[in-house]
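What follows is a set of notes on a single structure, which appears directly below.
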Ligand code: CP
Ligand code: NVA
């Protein structure tokens, strides 16, 4: 049994195995309907319990389809209907029940500490479906999407992030180190990754560069990644933050500086990307969203020790 909380903690060779498995699985089920199980239904009889303490559309749907296509089933708990938190039931007792009734637990939470607490008490795998510090299932799936479209290992490609230093970027930094790809980060001066992450970047001697000018950050890019300037439950002066990011909008003119680049966005979007770019040929956001199903299937199999 393995947990999936942070890309940092997972060996690069295991992340590569997950991507390779997802490629095969996607290819092998071309003619099946969404709810039909893969041929060997490797997680037949298994229950994935998922809980969202923050809003979600894609993660919720993609994990549902992922476990279904592996032959299992999903149950979504509403945090406001549990005794945990308001009712005073402990994480320890909640985790014991989850472990006895289910086979894996996927949690989207506002607290990294909560993920660690659950991990301590669960005897089933826990998957991080987004936390304040990372969004690992999203980014691993995005690596898959880039390789699928560009038909090259990501280590041979240049990736650019334009946006806030948030959970998705943190996971992208982890991915850059694990998969050894060049990552340009374009963000305003006061919004670069925090000191801990900057030290991590330096200590790993990788290929990560920070630019305060988006035009410089996109030169040579094969993929432009972006995300909302204001994240879920972001406790900031929103007006000021949006203004600070005014020069970092993904516009048609910016995309012209990197003509071979695809545009990716984890969604939901805000005002950081122009409608024209979002709906352009360069934009692959719908394919990107759907690929979460395939990669999360292989993440589930990794957690269950069942990767082929
Ligand atoms: N990208 C993503 O995680 O989307 P949701 O918040 O809708 O799950
Ligand atoms: N950075 C965003 C990602 C949403 C999928 C957030 O945390 O809200």
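Quick notes on this one:
- Residue-averaged [θ]222 nm for the chain, counting only DSSP H segments that reach four residues, each worth -39500 (n - 2.57): -12000 deg cm²/dmol
- When the inverse distances between all different Cα atoms of the range 155-227 are averaged and flipped, the Kirkwood radius reads 12.0 angstrom.
- Largest mean-square fluctuation among 279, 240, 96, in a Gaussian network model of the chain whose springs join Cα atoms under 10 Å apart, belongs to 240.
- Under a Gaussian network description of the chain, with springs only between Cα atoms under 10 Å, the residue in 122, 61, 169 that fluctuates furthest is 61.
- Along each principal axis, Cα extent of the chain, largest first, Å: 53, 46, 37
- Projected over every direction and averaged, the convex hull enclosing the alpha-carbon atoms of the range 236-293 yields 4.8 nm².
- With all pairs of different C-alpha atoms in the average, the Kirkwood value for the hydrodynamic radius of the range 2-52 is 13.4 Å.
- For the range 1-131, Kirkwood radius (reciprocal of mean inverse C-alpha pair distance, Å): 15.7 Å
- Taking the C-alpha atoms only, the angle from helix 12-28 to the longest principal axis of the chain is near 80 degrees.
- For the range 187-301, the relative contact order works out to 26 percent when only alpha carbon pairs closer than 8 Å and six or more residues apart are counted.
- If you take the Cα centroid of the range 4-56 and the Cα centroid of the range 218-283, the two points sit 28 Å apart.
- Cα-Cα separations in the range 86-197 greater than 25 Å, expressed as whole percent: 37 percent
- For 236, 293, order by how many other beta-carbon atoms lie within 10 Å, fewest first: 236, 293
- For the chain, the longest principal axis of the C-alpha atoms and the axis of helix 167-179 are separated by about 90°.
- Residue with peak Gaussian network fluctuation, the chain [Cα springs, cutoff 10 Å], from 268, 188, 214: 268
- Three-way shape call for the range 194-257 based on the alpha-carbon gyration tensor, with the a/c threshold at 1.5: oblate
- Extent along principal axes [Cα atoms of the range 155-295; Å; largest to smallest]: 39, 38, 32
- Between the Cα long axis of helix 112-121 and the first principal axis of the chain there is an angle of about 30°, rounded to the nearest 10.
The numbers here are math on the coordinates, done by the rules we state, and not lab data. What you are looking at is a predicted structure, and each value in this text was computed from that prediction instead of being measured. FYI the Cβ positions are ideal-geometry reconstructions off the backbone, even for glycines, and counts take in every protein chain you see.
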